[in-house]
Every structure is written in C-alpha cells, then in structure tokens.
1. Evaluate region A:95-118: report whether one residue or more is over 26 Å from residue A:320 (Cβ atoms), of a type in the set (A, V, I, L, M) and surrounded by fewer than 20 Cβ atoms within 10 Å (Cβ to Cβ).
2. Take the conditions away from chain A (no Cβ under 14 Å), of a type outside the set (A, V, I, L, M, F, W, C) and either without any contact (Cβ under 8 Å) to a residue 12 or more places away in the chain or buried (at least 20 other Cβ atoms within 10 Å of the Cβ) (or both) and apply them to residue D:165. Does it pass?
3. Filter region C:239-264 for residues that are free of Cβ contacts under 8 Å to residues at least 24 places away in the same chain and in contact with an Asp or Glu (Cβ under 7 Å, 6 or more places away or on another chain); which is farthest from the other protein chains (Cβ to nearest Cβ)?
4. Out of everything in region A:266-283 that is more than 16 Å from residue C:269 (Cβ to Cβ) and among the aromatic types (Phe, Trp, Tyr), what residue ends up being farthest from the other protein chains (Cβ to nearest Cβ)?
5. Pick out, from region D:72-156, the helices (runs of 4 or more DSSP H) lying fully within it that include 2 or more residues that are farther than 21 Å from residue D:290 by Cα and more than 14 Å from every other protein chain (Cβ to nearest Cβ).
6. So is residue C:43 free of Cβ contacts under 8 Å to residues at least 24 places away in the same chain, part of a loop (DSSP other than H, G, I, E, B) and under 29 Å from residue C:109 (Cα atoms) or not?
7. Quick one: in region C:194-203, which of the residues that are closer than 15 Å to residue C:174 by Cβ and surrounded by fewer than 22 Cβ atoms within 10 Å (Cβ to Cβ) is farthest from the other protein chains (Cβ to nearest Cβ)?
8. Tell me yes or no: at least one residue of region C:172-194 is assigned to a loop (DSSP other than H, G, I, E, B), within 28 Å of residue C:28 (Cα to Cα) and out of contact with any Gly (no Cβ under 8 Å at 6 or more places or on another chain).
4 protein chains.
Amino acid sequence: MIMPSRQEARPAVALIGGGRIGRIHAGNAASHPAMSLKYVIDPNADTAAALALRYGVAATSLEIALADAAIAGVIVASPTDQHLTHCLQAAAAGKAIFCEKPIDLSVERARAAAGALAKARLFLGFNRRFDPSFRALRRKLQAGAIGNLETLHIISHDPAPPPVSYIKVSGGLFKDMTIHDFDVARWLLAEPVVEVYAMAACLVDPAIGAADDIDTAKVLLRTASGRMAVISNTRRSGYGYDQRIEAFGSGGAVRVDNVTATTVAVWGEEGATRAPFQNFFLERYAEAYRAEMDHFAAVLRGEEPSVGFADGVRALELAEAAGRSHATGRPVALSGGP
Amino acid sequence: MIMPSRQEARPAVALIGGGRIGRIHAGNAASHPAMSLKYVIDPNADTAAALALRYGVAATSLEIALADAAIAGVIVASPTDQHLTHCLQAAAAGKAIFCEKPIDLSVERARAAAGALAKARLFLGFNRRFDPSFRALRRKLQAGAIGNLETLHIISHDPAPPPVSYIKVSGGLFKDMTIHDFDVARWLLAEPVVEVYAMAACLVDPAIGAADDIDTAKVLLRTASGRMAVISNTRRSGYGYDQRIEAFGSGGAVRVDNVTATTVAVWGEEGATRAPFQNFFLERYAEAYRAEMDHFAAVLRGEEPSVGFADGVRALELAEAAGRSHATGRPVALSGGP
Amino acid sequence: MIMPSRQEARPAVALIGGGRIGRIHAGNAASHPAMSLKYVIDPNADTAAALALRYGVAATSLEIALADAAIAGVIVASPTDQHLTHCLQAAAAGKAIFCEKPIDLSVERARAAAGALAKARLFLGFNRRFDPSFRALRRKLQAGAIGNLETLHIISHDPAPPPVSYIKVSGGLFKDMTIHDFDVARWLLAEPVVEVYAMAACLVDPAIGAADDIDTAKVLLRTASGRMAVISNTRRSGYGYDQRIEAFGSGGAVRVDNVTATTVAVWGEEGATRAPFQNFFLERYAEAYRAEMDHFAAVLRGEEPSVGFADGVRALELAEAAGRSHATGRPVALSGGP
Amino acid sequence: MIMPSRQEARPAVALIGGGRIGRIHAGNAASHPAMSLKYVIDPNADTAAALALRYGVAATSLEIALADAAIAGVIVASPTDQHLTHCLQAAAAGKAIFCEKPIDLSVERARAAAGALAKARLFLGFNRRFDPSFRALRRKLQAGAIGNLETLHIISHDPAPPPVSYIKVSGGLFKDMTIHDFDVARWLLAEPVVEVYAMAACLVDPAIGAADDIDTAKVLLRTASGRMAVISNTRRSGYGYDQRIEAFGSGGAVRVDNVTATTVAVWGEEGATRAPFQNFFLERYAEAYRAEMDHFAAVLRGEEPSVGFADGVRALELAEAAGRSHATGRPVALSGGP
C-alpha cells in the first residue's frame, strides 16, 4: 500500500479574509492541484475556525502565517480598506500576492504605496479578465477577427442593489462597480484612455441618492487614437445579472452574450421563455475565479502576474475621473499614461 | 360578366420624386387597397415615364397634379432640400401630405415654415416608428412590461458608407443618420430631452473627415425626469445593417434584435454560422414602408397623423445640439419643449 | 400626359377558386409586374364578385375564361377533389397551369390523369419549396456545405387542429398535412424513397380518432443509398406553427429555424420571453406564395415548372404508403422510382 | 492554532478503475465535502499509483478495500464486462455502490444477478439524469408546463467515432450509445415502452459496418398510453457533441439546447458565427458527474438511489429490442413492465 502525502511539493498559501469572496478563493486554493492551502486568517475567530475545519487547514494569525517560510503566497480577501495594508505586509515578507480588486478606494493612497509594492509579485484579481467568454473575445480581437477595434460597448448591470449600508462604504458606484468595466475597457481598448464623460443618476432607490451615491450610469471613454467605449451600469436590472460586451471594428463585430443557468426553454402560445441568466457573480464568474487561482499558481511558479498593481491604480483613476465628470457635468481629460 | 373599375371610391394620390425611396412608395401606393396612385412627378422625364409605365399611371407636372380635385394626397419623396417647398405647395392646395424624413436640414428654415404648415395634415415618414418589432417594443413599454423606463440603448449601424458625394450634401451624420435615432429616442422616452452629449470621430474613412463630417458617434441624451439614452452610430459596420434597441426599466428589459435574411444556420466544427442580417433599409424596413402607406391611407380617411411636422423639427433640434456638443466638447442643454 | 395601359404585354391569367388560398394567389397575381389577373371563377357568385371588385377584374365562368385566347395561364385553387378536373380542362385548352397541392387524394385517380397531363405545363404549388429559408438550406446542401447528406429531420406541427368537418374530407393526416413534408423530404433527399414506416396515434382530439383519422405522427423514410428522414407531425402544437428542418451530413449540419412574428424579447426575473412564431401558414409562407407566383410568371414565359404533376403523384404515393404502414404496423417498401 | 482533520466524520469510499471516467469520479470524490476518497484500485499498478499520488490516497487491492470497515461505498468504474462482478463483490461486502453505466452488455447476465443485487444500495450512473438542463426540463414536465407529454425527440450525436477497436467490444451502437437515450426516454416518458422500431445503417465509416455494427440510427418508441419518442444517433456529427431534447405536450413544448463552450460570437459579412458546442462528454457533463457524486454522498447517508439496477436492465432490454428490430426490419413489442 502506497501512502504519499498529497501536500508535498506544492507551494503553500495563506488566505486573509473569510467573507463571501474569501470562501470562494479558499475552496479553489484547497482543491487546486498545484498549491496547498495552509492557513486561514480572519479577525472573527468563528469565521476562521469554520473555514479551517471545512478545508482541514489551520486558522491562525497573519504574523504566524507571514513568518512561516513554507508560505509562498498570500491571498488578500480582506475588506477593501485593508487591501493595501495586507499587500504591503505580504510584500515585506517576500510573499507572492493575490489581491482582490479594488486595490484601494483612493488613488492617492494607492500611489503612495507604489514604491513599496514596486517589486512585489502582486496579482490583482480582476475576475472578468479570467472569464472564458471574455478571454475568447479578446483572443478574437488579437487575432484580427474584426480588423481594427473602433468602439466598445460594455453592459454591466447588477440584478438588485446591495443594502444601503454597503453602498455607504463602497466608495460609490464608479469605484465599486464600474471599476470592473474600466479595467475591462482598458484591457480591450489596449491603449490609454484620454477622456471620460459620465452621465449618471439615482433612478433605482432614493436611499442610494440620500447616501450621496448614484445607481445608474452611462460612461463614455475615448482613447488617444480615437477609439470610444460606452459603459452601462445599473444597480438593479430587474432581469438578473447582465454582463455583455460588444466590440465593433473595421471588419465586423465580436460579442459576448450572457450565460443562462440552463439551456431549457418553454414554448407556449405567448412565445418562448428561456432560462434566466446566471445570477449572480459567484455563479457567473465561478470559472473565472478558478482560472484566477490557476494564474496565481503560475505566479507562485515564477510567472509574471498578467494584471497587477498599476492596473488597479489606472482603473481607480478612471473611476475618479468619472466621478469628477458626473460632479461637474463636463468631460474630464486624462494624461493618458499607459 | 361584371367589370368594375378598381379605381372608384379609393382616394387618389400623387407621388413627387421617382428615386429609390420614391419607387418604394409608388409600389406600395399602387397596390394599396385603400388608395390609388394617379400621378408620378419627377423632373427627369425618363424616370417619371418609367415609373408611370410600371404602375399604369400618368407622368405629369406638380401643377397639374395639385390642380386635380381628385387628388386627395401627395407623397413627397423629392430630394431633402425640396421637402419643405413641396409640403408647402401641397398644403396650399389642401392636400394631405406624406413627407419623407427629414423635414429639412435646417431647424431655422423648418421653423419658418411652421405657420404655413400648422393646419396641414402632414404625416412625416419616420420609418422606424412603423417597424413591427419596434412597434411591439413600444407596446410592451406602454403596457408596463418593464415598469418605469429608465434607460435606452439604440444601435444603428449602416453596413457601408455612402459615396462622399452623398456625404457632402447629407447635412452630416447627425442630421442624415442619427436623425432616425433621435426620433426613435423621443418616441420611446416619451418625455422631452434636456441634455445632449456627443462623442464622435472619423474612424471609417478619412475622405468623410476631409468632407468635414464624422462617421462614428456615441450620443447620450437625458430627459427631464432623468431617463438616459445612448445612441451608437457608424457608417460602416462590416457585418451588415444593425438596428437594435434595448430598453431598461424598473422591472426588466425589452429589446429588439436584428432580422436575419433567412433562418438558416450551418453547424460545423468551428461553430454555428447563421444567415446575415437583412441588408439594407429597403429590405429591413420593407414592412415599415407598407405600414406607413397604411397610415397615410388612414390620414386620407381623416385620421390624425401619428407623427408630424413638429416631430421633424424636434429631431432636427437634437441633431443640431449633437453637432454643437461635438464641436465644443461639452454637453448641450435644451429647453425641453414637448 | 402619358397614359400607358399597364395591362399590355403582360400575360393574362384566370383564377379558379376564391377561398382562403385563392384569395392569396389573386392578390399576388393582381400585383405581379409580369402577369395580369383577368378573371376570377367561383361557383359562389358573391365570392367571385367580391374578389373581382377587390382587384378590378371580371368574375366569369370557366368556359369563358378558357375560351379567351388572351388567357395564358390558369391558377387552380378549387377544392382538392376538383384539382384534377380543372387541370385537365385547362390543359385541354392549352393553358399553363398553377395547381395548388395536393394534385388529388387518390394515387389511382392521379395516375389515370397522367397521360392527359403529360404534355401540360403544370406547376404544382408545394409552397415550402419556395420559402426563402428552405431554399437557402437546399442551396447549402447543393453547395456541399455539409458534405454528403445522411439524415434529415422535418418538424411540421400545426398550431391547432382544423374543425372535424374539415378532417373528414381532408384525406387524412398523411395526405393533407404530411404531404408537404413528403415533398420536402423528396426535394432534399434527392433520391428515391424505398421504405416508409409510420408510427401514429390520435392524441390531440378524440373526435379526430372518431373520424377515423390520426393527429400525431412520426414517419421514417429510407432512400436507396441509405439516407434516412424523420417527419414529425401534430395537428396541435400549443405553441404556434412549428416548421423546422435539420439536415445532417458527413461534414456538419444545416438547419432552418422558425420565424418569429417580431424580434422583440422581454427579459424578466423568470427568463427571457421572445415573440411567438409566425402563425399560421398564410403568414409563415406569405413570401413563398409570392415566390410561387414569380415562378408561374416564369412558366408563362416558357420556363419548365420546377415541380410538377409527377412530384404530386410521388408525394401521394408516400402518403398512401404511410397510411398502409400505420394500418399494418409494418414498414412498407416502395419501388423507388425517381 | 487549530488543526482539525478534514477526513473525520466523512464516509470513505474506494474507486475501482483508473481510466478516463474513473479519473473524473476520483477527482469529484476527492474534493467532495461529504465523502473522502480513501483507496484507488486498478490492475495496472502505474495507473493506480499515479491516481493515488494525485489525490494523496492509497493504491490498494479490491480485497483490502472491501475488508476495510471504514469504507462505506465503492465506485465501480472498471471496464463494462466487470461491472456486474464488482457490483456483486461490493454488495456482498455490504458497501453502497456507484456503478458506471451500462450495468452489463447482456440482459440475460444482468437478470441473473438481480437476486444478489436486490437489496444492494446500487446507484447506476446515467449521467444525463444529472445534467442541470435535462433536470430542469424534467421539472418543467412534472410541473405541468406543457400539459400532458405526448411526444419526445432526443438528439444524441457524437462528434467523431471511436476507434474500431473500441466499437468491437462496445456491445454495438444501441448498447453503447443509445443506452443513454433509452434511459432518458424512460425517465421522461414516465411510463413503460411497449414498442420499438429501429431504422439504422452504417453511413459514417465502412470499418464500423465491417465490424458488424451500425453508426447511424433513428429509433421510435411507443408507450402504453400512446406517447411516442424519436431518438437520433450518429457516431460522427461533424459539428461537435449534439445533446438536445424536445418534449411536446398538450400545452406547448419544452426543450434543451446545446451548451456552447463560450458565448462569443463573431459578426461578419457572411453572418454571425458563434462558438462551437461543448465537446465532448467530459466537458458537456462535467457538472452532471459532480451532481452524481452529490447523489452518491446522499446514498451514503442513507437515501434511496434515484436510478438503480432495474433501470440498467430496462435500458438494456430496449437496446436489445432495437437490435432485433434492426435485424428483422420489424417493430418489436415489449411486455412493458415498469
């Protein structure tokens, strides 16, 4: 009878944060063939213990985890306002980092950390970049399937708004929700954005407006060469999670449609009704989260992160510009660095 | 043997202009059960004669046609810069009018004609309002299928650009092409537009830029209550004629997709390839043109035109506002009259 | 003022039968640029007069119409049991014939007429052969888009059953409804059918069973080279008119999907609901009926009918074989003539 | 620091067979929160060792595994001709069983084992019953979404044929491939099948015919109450893995469409090309295999298997009947037991 240890030879990682997204990453890390989850860290002892029990790992403190030479990487899934702090600590300990988006809510604070994180192997988890359909769209663009990209439409509608308590600490629609779309736009436009115009309003829930936020927006971006992008956001679609992209080029268009929960359709006298869209991001992007962990495994093996700290800062800059545009009613120019 | 005259009892109409769209209207009028085509008028004698022969009617002059008491209505399909003149002549003669869009290329000139046309029974042929799918979408909105309308996306992409010679006399993208979408937006938003922002560029053909026009645009509209609309235009899609609408409301969305030429699809190893979209407007809106003639028949019977002179002026105002926004790089406020 | 006669130079036709399908053909013939409708014949004087008035033509008798040397062709839209008689009369008078399907309800009677009709220019109106989507599918097959055709699925489901009074004189499901699918199968399989097996039942309405008919069937066909076809029929789908074809070959598949009334879809929490299918054959095949008239115009100009008497007999033979298979519970072999 | 053992409290299972499907089950069992994989058994020591290493478990012999009181269940993924033997051994040891389909290739042999397996908790892995879309379709049927089920179409086309060496030991198309569809038909028709008619041929590869097998089939089933089903099979579609179901009832239809690898589509002048279908069963049914393991976990907790030994025998009886029908050219009657 052969009894190998399945843990050997696979780099160990620690997870900070046992919330909703932390639990997703914990499961993916625990079952990943090329890494092993060793520690779970959460200020709430019950949360940490439950997660540790679930995956047969240890609940511990950040200090212990970072001091463990066996730990090659850290997954930062703490609350957004602690992302930078945890990244800086992990970087100081020489660990590879997988940080949830956004890098922070303040461009200024983020820039201040740039020096200390310059040499860190930091992978920023913009999940849409790892969605199979979005990746296939990008490959089509890169393969020249539609000639030169001219304009881009991104539809990103949430099924229903979060509680207002969440809205209040979210950083606002542009930094909390559009941040994904700014990153997707940057990734696909493949050149610097030089102008942002945002038309936005509170149409969904007056309580969101009372919290000084908006819930509906149409944002226009323009790049140096003249490419244009439209981003459409709402906190409440009323029809599920709507995540589509259309890219228009000199030789045609390429698009990603929504994913339905099943392919069942009922045909009746009133028409055909198909299954609703996959709802919500934990389902829609389940495969993207697994692909993120694959990428982090590659980073642990020495590969360069495909999306990093600077991407987080750029997306944040676009979010701040959109906020200024909305506040002033004017388009906002950006320096357009890469 | 009974030999009835098929012309009796049906109101007679005259057609001005035997060009592309004039020929469509001629065919629809000639075969319409509730009207009879009596005259065709065109400055080019051969054009007039050919069309007259085709439908077994008389080629004549505008004077004779307007002087004929049997003529109940006039279809104005002359070049755009003569629309107003012909409408005014027909109105002076007391005829009902079916005028092709746009009413004119100048808001100022159009407004100057407002008094003389105030009492005319003038039906302005914005074809999209008569498309079965767009009508069905509007009925869904009116029936409350998506609750309160919040935002609107209109995609209107031409397959390929017209000759630059056409561009030069077209009035520019906003008055020539977006004019349709401005009207559709007004029709669906169902309240006055108070703000227009246009981001536009010449991306398709430098010759269009050299002619001082643009070929690609994203236009944002906002209404008094805060509804928003996005219009996307390009003179060249590279994939056919793209005519889609998505309306987002408090309780869901309603959309109109493109119409394919056939429902054939080929499934092969590389995926499934379906038939291209109907291409171009003569096919895509063939049924709309027939429905326009049905509506004109109703106008001849005394019904109020569902879209008229004022709608033409409003659409033109939006086009001019978009032009100013593009020129200044700023949003443009409108008075927001109905 | 030029007053051409629109009737000159266009061959004149007479229509026999002012029922539902007769009225469709009357409208298409009357507005066709390459023929002129001259006479309408119907035993019911009111029916004939109404149709004559509608199109400004003469209601007359068959004798007068056939005696008129100006009449080049006859459209036979009489009741099925008079098709053969009218075809024989028209053929004797040397007229081209456009006969509605089926040629008759009896193979025996039809064969008896074969000699007299051998030299007639008889076009049999199997409308599906003129549907743009079905034609596009056939062109794909002929162009080798799926390599060698191996099997074929034809779905032909009616929305709701006709009155039992109709069922009783219809000739039964196979001769009344499947006849279309037998013809489509022959047209696409492109080789003789040598075996028929029919599994059928009365599942929709017991009154149909009481009238000694069936309302639901699955029919298998096999050709000499081994190609197979499945035909699915029901008199009542409960979801509209279902008219689909899938052809499977050595290199892929080609299929025709249903046509929806509009392209509108509503997205709500329960899923997306699109518009119902076009319903019923007068709408679904409106364009096919127009294309049939185009073909008859070509026949009037001397072209060979693309589908004729022999095709009508072959389809009837398949219907009779299906009936025998259902009655005996056994597959039925056919001689497999072309 | 808390160090729980993740193995505790979860029932342990052993896997027999480290082939393609065995590896899938191994992965699903190893990462399943409600069971733990303890042993892997395979006659090939390298295969067993590799799999054991992959999941950190022991490679051992069947005797040791069955003798281990900690083992609650056995997953039988051995070659088909050993399924029965392994099931009997596991049953004798009092273990719960998850056996891959088919239960055997011989109805006779399977029936002979019925007594010994009568009391075994045996779950037979017909994967299609666990596919989310097929399950959703069945729920719609059960919820009355289409009234009374009348007929059923099952399309099950493989992308490309297996090697002829596989064909030779497969038991033939009906027992190897159609067996799935017979089970799906039984599951959905929800009443005994009383008649089978099979039209089949070797159209894909003459080598399959030389091996005395067929590669293309259309099979008709009829139930006692008159429901009918059509099954379509081919060993080579040329367009990927085609797994569709359409169920037609008194009040409409419900259908399951194929699953595409991504939702990307490219729109060009020739039409729109969408991504290919998921290809092949390891991808298409990945979620079904996970759901099977969920069900086996429930069986380990004491739940009744939802599909068992008797279902395997019934499906095999239908396969044998189809073979007789093909051989004799006649429909075959079945006793129609439940």
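The values are calculated or read from the model by the stated rules, or taken from the named source; none is laboratory data. On a predicted model such as this, the values are computed, not experimentally measured, just so you know. Glycine also receives a Cβ, built like all others from the backbone with ideal geometry; neighbour counts cover every protein chain displayed.
1. Taking region A:95-118 and keeping what is over 26 Å from residue A:320 (Cβ atoms), we get A:95-96.
Those left that are additionally of a type in the set (A, V, I, L, M): A:96.
If we keep only those that are surrounded by fewer than 20 Cβ atoms within 10 Å (Cβ to Cβ) as well, we get none.
The answer is no; no qualifying residue exists.
2. Details: away from chain A (no Cβ under 14 Å): yes; of a type outside the set (A, V, I, L, M, F, W, C): yes; either without any contact (Cβ under 8 Å) to a residue 12 or more places away in the chain or buried (at least 20 other Cβ atoms within 10 Å of the Cβ) (or both): yes.
Taking the combined requirement at face value, the residue satisfies it.
3. C:258
4. Among them, the one singled out is A:281.
5. On the way: elements: D:80-92, D:107-112, D:114-117, D:132-142.
Passing ranges, in order: D:80-92, D:107-112, D:114-117.
6. Numbers: free of Cβ contacts under 8 Å to residues at least 24 places away in the same chain: yes; part of a loop (DSSP other than H, G, I, E, B): yes; under 29 Å from residue C:109 (Cα atoms): yes.
Yes, satisfied.
7. Restricting attention to region C:194-203, the residues satisfying the condition of being closer than 15 Å to residue C:174 by Cβ are C:196-202.
Keeping just the survivors that are surrounded by fewer than 22 Cβ atoms within 10 Å (Cβ to Cβ) gives C:201-202.
Numbers: C:201: 4, C:202: 8 Å.
The residue in question is C:202.
8. Of region C:172-194, the ones assigned to a loop (DSSP other than H, G, I, E, B) are C:172, C:177, C:190-192.
Next cut, within 28 Å of residue C:28 (Cα to Cα) only: C:177.
Going one step further and asking which of them are out of contact with any Gly (no Cβ under 8 Å at 6 or more places or on another chain), we end up with C:177.
Yes, region C:172-194 contains a residue that is assigned to a loop (DSSP other than H, G, I, E, B), within 28 Å of residue C:28 (Cα to Cα) and out of contact with any Gly (no Cβ under 8 Å at 6 or more places or on another chain).
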